[in-house]
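Enquirer: Got a structure for you, written out below as structure tokens; questions coming shortly.
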Amino acid sequence: MTTGDAATLEPGPGALTAHRPLGPPSAERSGRRRRPTGAPPPLPRHLGLTGKLWLAGAGGLVGWIVLCALSAPVRAFTDRADSAVLRQIARLRSGWLTDVMTAVDRIGSGWTLTLVALGLLVGQVVFRRWRHLITFLVSLALLEVVGEVLYDGFSRPRPYGVTAIGRWAGYSLPSPPVAVLAAVLIGVAYSHVVPGKSRTLAKLVIACVLALFAFARLYLGVDHPLDVLVAVTLGVAIPLTAFRTFTPNEAFPVAYRRGKTAHLDVGGKRGEAIRCALMDQLGLHVLDVRPFGLEGSGGSTPLRVTVAGSPDTALFAKLYAMSHVRADRWYKMGRRILYGALEDEAPFQSVRRLAQHEDYALRLLRDLGLPTAEPYGIVEITPEREYLVVTGFFEGAEEIGDADVDDQVIDEALLVVRQLWDAGLAHRDIKPANVLVQDGHVRVIDVAFVAVRSTPWRQAVDLANMMLVLGVRTDSERVYRRALQLFSPEEIAEAFAAARGVASPSQLRSVLKQDGRDLVAQFRALAPARRPIAIQRWSVRRVALAGAVVAVLAFAVTTSIDMIRPVHDVPVADKALCGTGSLMVLVAQAVPTAVAVPCIAALPAGWESEGTQVKHGRVSGSIRRRRGVTPSR
């Protein structure tokens, strides 16, 4: 054995090379670069400087509140500072200004805010911004949880040293009306305002509205400055962080254009990330990236990618994101509820698994000799969130719905199904958009849902769908006659016994409806009689799942209504026990002219307090007997 410089060694037959070039032979290439550990991906997620500052501010204020709760001197200092600010603001009071500030407070804490929040939710549903909707509701719920912990834990009475001239209820920290108003306005900005100058202007308007409302609360003497500051910080920081983390502009832009929600914007930062990722991971110089064939795609963003070469070459790529995986989960859960457990309806658990499965299916079908695109690899855009499946591009091909269909095309299309059957496979998504004709030959694409060793029912559905696709362009008798060369009459009868309702893709059902002919009935008349195969499959799991979904939806609706209802009447969970606690101070503030206040010294055995309602000018409470307790005689 001899050694030498690796750079001088010439590879012989079977020698190892650094890598096999990926992509078409004519493409211009450069060295591929592996992303080192810790390096950012092509499209990282950024919270932004302002987001970090809001989070830091929220953390600092919460820390100060904890310090106030643990240290009496710190709490006394905070009370004195708040009172000093409020006394200065109270000097500005006048008749007309009081009327204005009272109106501002009523608008910001009453039904007007509830209607704005309801409009926000309705708009998210109308524009199908489901991710924004869920993000907003979750952030609102988190704000409520954090607010309740501070509200009950600190139990801060209303301000000292100034007369409250506005309505209030319950403790003051954090100010519930201010926090909810801030969260709703941030939700409006990040759900319905287009990023850019419009959103920047919206943020300035929100800042002015919050400043005016906060000043009104201080002017009326119903909140401390710290209460308002904590409420604004939490009301902005929590939804802002949620929207920037789970609905970033690059991945889920707010736009008012027609199109399917599955189709992502490939301009801006995402477009640059795609170019960089293809260069680093496949060594391809990208000249152009643009959407392609969006009409027939509902589960990904199809792209035509032009790469430099001699000559320049077009590639096809499918962009998958978390939104596609989540949509697939909801779609399949809906089918399970409506029809039962159809064959192989398990959803994908991650974007990477979905991309990996399609790349594997492409290689499997190519190995079996089926006419599908050549796979060139998977490109990572954002780890576990966005991936690109890159394949060859069928230049000059057109959908079978737009092509001339002769006997050769019919035979090749039916042969695809026969080859799938012989290999124990099922395509599971045969429709006009996935069957192409290139130079008189059939090409099959979109193999993301190919199933290995699928059930006979699913394979039969593939045959029926392919015959229906061909029948739309020709006639049923001609397709049936050609199909008999590859399939028996009994197999064709089984196929159309299985082809019912949702067994066919929605695009194919739409094409059949536009065609006008009842092709399914015509094929069934040509084939031997066979009882239809039922797709409704009842099970305990299906009933339980449907019940759980109804319960969750009911809970979500009631909780959402509860979170956006007017927040000017917040109850107090504490018992009105006699003494000098925070609740008794609050009770005294509610009716300052009273010479005595009600309180509970002790309750008879078997009785308990249901809580206390404390608001400006009124205090109420109730007690009840515990269930199962018999009163003593």
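Read the figures in this text as sums done on the coordinates, not as results from a lab. Bear in mind the structure is a predicted one, so any value in this text is a computation, not a measurement. All Cβ positions, glycine included, derive from the backbone under ideal geometry; neighbour counts span all protein chains shown.
Enquirer: Under 8 Å for C-alpha pairs, at least 6 residues apart: give me the relative contact order for the stretch 49-246, rounded to a whole percent.
Expert: Relative contact order comes out at 36 percent.
Enquirer: How many nm is it between the label spots at residue 408 and residue 550, if each spot is 7 Å from the Cα in line with the beta carbon?
Expert: Rounded to a tenth, the inter-label distance reads 5.8 nm.
Enquirer: Let's see if you can work this out: charge +1 on each Lys and Arg Cβ, -1 on each Asp and Glu Cβ, no other charges. What is the dipole magnitude of the stretch 49-246 about its Cα centre, in debye to the nearest 20?
Expert: Numbers: 18 positive and 9 negative charges, 108 e Å.
I would put it at about 520 debye.
Enquirer: Here is a follow-up. Using a Förster radius of 41 Å, what is the FRET efficiency between residue 292 and residue 46 based on their Cβ-Cβ separation? Nearest 0.05, please. Working shown, then result.
Expert: On the way: r = 29 Å, r/R0 = 0.71.
E(calc), rounded to 0.05, equals 0.90.
Enquirer: Could you name the aspartates and glutamates in cross-link range of residue 332, using Cα to Cα under 12 Å and dropping any fewer than eight places away on the same chain?
Expert: Here the aspartates and glutamates satisfying the reach criterion relative to residue 332 are 343, 344, 345.
Enquirer: With 10 angstrom as the radius, rank 213, 77 by how many other C-beta atoms surround their C-beta, starting from the fewest. Mind showing how you got there, number by number?
Expert: Working: 213 25, 77 12.
Ascending number of Cβ neighbours within 10 Å: 77, 213.
Enquirer: Mind checking which of 311, 354, 334 is farthest towards the positive end of the stretch 257-390's charge dipole, using Cβ charges of +1 (Lys, Arg) and -1 (Asp, Glu) about the Cα centre?
Expert: Result: 334, furthest along the dipole toward the positive end.
Enquirer: By average Cβ neighbour count within 10 Å, what is the ranking of 552-560, 229-237, 106-114, 60-68 from highest down? Before the final figure, lay out the partial values.
Expert: Values: 552-560: 11.7, 229-237: 25.4, 106-114: 18.2, 60-68: 15.6.
My ranking of the peptides, most packed first, is 229-237, 106-114, 60-68, 552-560.
Enquirer: Right, next: Most exposed first by the Cβ proxy, i.e. fewest other Cβ within 10 Å, how do 102, 247 rank? Provide the component values of the computation, followed by the final result.
Expert: Details: 102 16, 247 21.
Result, fewest neighbours first: 102, 247.
Enquirer: Tell me whether the stretch 396-526 comes out rounded, prolate or oblate; compute the Cα gyration tensor, take square roots of the eigenvalues as a ≥ b ≥ c, and use a/c under 1.5 as the rounded threshold.
Expert: Working: a/c = 1.24, a/b = 1.06, b/c = 1.17.
Here the stretch 396-526 falls in the rounded category.
Enquirer: Moving to a separate point now. Suppose every K and R has +1 on its Cβ and every D and E has -1 on its Cβ; what is the size of the dipole of the stretch 257-390 about the Cα centre, in Debye to the nearest 20? Intermediate values should be presented prior to the final figure.
Expert: Details: 19 positive and 17 negative charges, 114 e Å.
Magnitude of the dipole: close to 540 debye.
Enquirer: Counting other C-beta atoms within 10 Å, and keeping those with at most 15, which DSSP coil trypsin sites (Lys or Arg not before Pro) do you find in the stretch 190-259?
Expert: Numbers: sites: 197, 199, 203, 217, 244, 257, 258; in loops: 257, 258.
Filter output for the stretch 190-259: 257, 258.
Enquirer: So, one more: When ranked by the protection proxy of mean other Cβ atoms within 10 Å per residue, highest first, what sequence do the peptides 361-372, 169-180 form?
Expert: Values: 361-372: 17.6, 169-180: 26.2.
Taking the mean over residues of other Cβ atoms within 10 Å, the ranking is 169-180, 361-372.
Enquirer: Can I ask one more? Count the net charge of all other residues whose Cβ sits under 13 Å from the Cβ of residue 474, scoring Lys and Arg as +1 and Asp and Glu as -1.
Expert: Details: positive: 473, 478, 481, 482, 517; negative: 404, 406, 407, 411, 475, 477, 515.
Here the charged neighbours net out to -2.
Enquirer: What FRET efficiency, computed as 1/(1 + (r/R0)^6) with R0 = 25 Å and r the Cβ-Cβ distance, is obtained for residue 363 and residue 530, rounded to the nearest 0.05?
Expert: Details: r = 36 Å, r/R0 = 1.44.
Computed FRET efficiency for residue 363 and residue 530 comes out at 0.10.
Enquirer: So how do 439, 515 line up by other beta-carbon neighbours within 10 Å, fewest first?
Expert: On the way: 439 9, 515 13.
Placing the least packed residue first, the sequence is 439, 515.
Enquirer: Which of the pairs 318/513; 52/269; 269/318; 203/269 have their Cα atoms more than 19 Å apart in this structure? Could the numbers behind the result be given before it?
Expert: Working: 318/513 29 Å; 52/269 21 Å; 269/318 17 Å; 203/269 22 Å.
Long pairs (Cα-Cα over 19 Å): 318/513; 52/269; 203/269.
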